[in-house]
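Enquirer: Encoded as structure tokens, here's the structure I'll be asking about.
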Amino acid sequence: MTLGYDEAGAGPALVLVHGFPFDRRMWARQLAGLSHLRRVVAVDLRGRGRSAAGLPSPRSGIDVHADDVARIIAAAGHDRADVAGQSMGGYVALALWRRHPEVVRSLVLISTRAEGDSPEARAGRDASVALVAERGTIALADGMLPKLLAPAAGAEIRAKVAEMFEQTPAETAVADLLAMRDRPDSTPVLPTISVPTLVVHGAEDAIVSRESSEGMAARIPGAGLAVVPGAGHLSPMENPDAVNAALGAFLTSQPPEPVQRG
Ligand code: MLT
């Protein structure tokens, strides 16, 4: 079994990896808006959506998700892909680079960070695990929603986000929370990234600071930074036109396959 996904377009692959506790649907506007440039593949990480049946929630971490993404790139018939991850999806993208660099043509790191959890953040994960185990993933929405979206986000986006909370199985959310709690510090990985990389920061992100995004970009050789106005932590949903413009410019600035030198 491999991951389920939605796709649009043709040609070289752009694989989109969602954050927590979301699924492939957070990328609906990127599927529509980038399919003239790439075969856009929005995956469901295991344990939810199209990947709920057949693939159990992982017991042991972000690396399992990264291995799944490597497998789906091969199963979809590609040697390599441009890989974009939002937040937890960014943790997965960095793990993919660490474990399977040969399948990564370029990286887009959206509203994410390289550091592991602080002791306080780890304690917060444990509290969230207890809450989800008792009341389901939706119980996290009250605390998380105000931090995820810029204050101006409309009712339609809020409803879509709440629906994804609601539909993420509790067992899957618990597995993700433990995976994020225990993920390693990826900071040492950043200087090793030798593919084109774009860091995307939502100007109103209340979870990842601008300094953190700038610091991550500065540590990755040659990486660019795009700041998305009018968006918080979920810029692909909140300001899809700006995110698509940034990704489109990034993708068209590099040839899809390596240039033969010599
Ligand atoms: C996400 O959006 O994926 C989460 O906020 C990431 C996290 O909690 O570290």
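Enquirer: Spin-label point model (7 Å from Cα, Cβ direction): what's the R50 to A123 distance in nm?
Expert: 4.2
Enquirer: Something else now. Take the alpha carbon gyration tensor of segment 1-148, find the square roots of its eigenvalues, order them as a ≥ b ≥ c, and report rounded if a/c is under 1.5; if not, report prolate when a/b exceeds b/c, else oblate.
Expert: prolate
Enquirer: How would you rank 100-108, 211-219, highest first, on the average number of other Cβ atoms within 10 Å across their residues?
Expert: 100-108, 211-219
Enquirer: Also, quick follow-up: Starting with the highest mean, order 41-53, 84-96 by the number of other Cβ atoms within 10 Å, averaged over the residues of each peptide. Don't jump to the answer; show the numbers that get you there.
Expert: Details: 41-53: 22.8, 84-96: 27.6.
Per-residue Cβ counts within 10 Å, averaged per peptide and sorted highest first, yield 84-96, 41-53.
Enquirer: Continuing with this model, one more query. On each of the three principal axes of the Cα atoms of segment 59-141, give max minus min coordinate, whole Å, ordered largest first.
Expert: Result for segment 59-141: principal-axis Cα extents of 42, 24, 21 Å.
Enquirer: Can you figure out the FRET efficiency of A206 with E102, using R₀ = 30 Å and their beta-carbon distance, to the nearest 0.05?
Expert: 0.25
Enquirer: Turning to a different aspect of this structure: Which angle from 0 to 90°, rounded to the nearest 10, does the C-alpha axis of helix 155-167 make with the longest principal axis of the chain?
Expert: Tilt relative to the chain: about 80 degrees.
Enquirer: Could I ask something else about it? With each run of n ≥ 4 DSSP H residues scored as -39500 (n - 2.57), what mean residue ellipticity at 222 nm is computed for the chain after dividing by its residue count and rounding to the nearest 500 deg cm²/dmol?
Expert: Calculated from helices alone, the mean residue ellipticity at 222 nm is -12500 deg cm²/dmol.
Enquirer: Once both axes come from the Cα atoms, what is the angle between helix 170-181 and the longest principal axis of the chain, in degrees from 0 to 90, rounded to 10?
Expert: The two axes meet at around 60 degrees.
Enquirer: Compute the acute angle (0 to 90°) between the alpha-carbon long axis of helix 240-252 and the principal axis of greatest extent of the alpha-carbon atoms of the chain; round to the nearest 10°.
Expert: Its long axis makes an angle of about 30 degrees.
Enquirer: Using 0.36 nm times the number of residues separating D79 and E166, minus their current alpha carbon distance, what extension gain do you get? Please report the intermediate quantities before stating the final value.
Expert: Working: separation 87, 0.36 × 87 = 31.32 nm, distance 3.51 nm.
The D79-E166 span can extend by a further 27.8 nm.
Enquirer: Go from 0 up to the bin containing the longest alpha carbon distance in the chain, width 5 Å each, and give me the % of pairs per bin.
Expert: Cα pair-distance distribution for the chain, in percent: 1, 6, 14, 20, 21, 19, 12, 5, 1, 0, 0, 0, 0.
Values in this text are rule-based calculations from the coordinates and carry no lab data. Small disclaimer: the values here were computed from a predicted structure and weren't measured. Using ideal geometry, Cβ is built from the backbone for each residue, glycine included, and neighbour counts are taken over all protein chains shown.
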